[in-house]
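Report on the following structure.
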Amino acid sequence: MGLLAALVLHSAFSIQHSAFLPLLADATQEEVLRSIGKNVSEGGDSGRVLGVLAGVAGAVVLLVVVGQRRGGGAAGPKPLHSHSRLMKEVLRTVPLKPAELKQLKLLLQESRARGGEAPVPESPLTLVLCPSVLLKSAQGRSQKVNRKVVAGLARKLGEKG
């Protein structure tokens, strides 16, 4: 905002200065000095100019305060703390069919039921983001999980990464 105010003031003075250049070019040095002396001794509208400057400064301060209130939070997207919202956000970028997502959930359930020494991921998102974990989870035998769908999913996700 400060840059904008400085630009406005600079342009106002430039316009005012350039408007009197042709008049000063034709005048002699004595006429210019007399004119300057006359303008200085008048003292005329200084209160009005100060009032306008104070109004402009107040408007700039008001705009800054309103801008800070409106943009109160930090810049950038809000963090997703909901598992389902995060899942929807990721699924917008990763083209998974509902059947593939269901197979991932079944695979996680089967992995948890089996147990084992390796830690089991908590979310299907882990399997989507890391195809190697998906392959390790799919190594066990299961009647519910369709291995063809999981293998195709692993290939599709492996190509993207």
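Any read-out appearing in this document is the output of simple, stated calculations on the displayed coordinates, not a laboratory observation. Since this is a predicted model, take the numbers as computed values, not measurements. Cβ placement follows ideal geometry from the backbone for every residue including glycine, while neighbour counts extend to all protein chains displayed.
With coordinates expressed along the principal axes, the C-alpha atoms belonging to the range 83-160 extend over 32, 25, 20 Å, beginning with the largest. Each of the peptides 125-131, 61-67 was scored by the mean count of other Cβ atoms within 10 Å over its residues; in descending order, highest first, they stand as 125-131, 61-67. Derived scalar couplings between HN and Hα for the range 58-64 equal x, 5, 5, 4, 4, 5, 5 Hz in order, rounded to whole Hz, by the Karplus curve 6.51 cos²θ - 1.76 cosθ + 1.60 (θ = phi - 60°), x for Gly and Pro.
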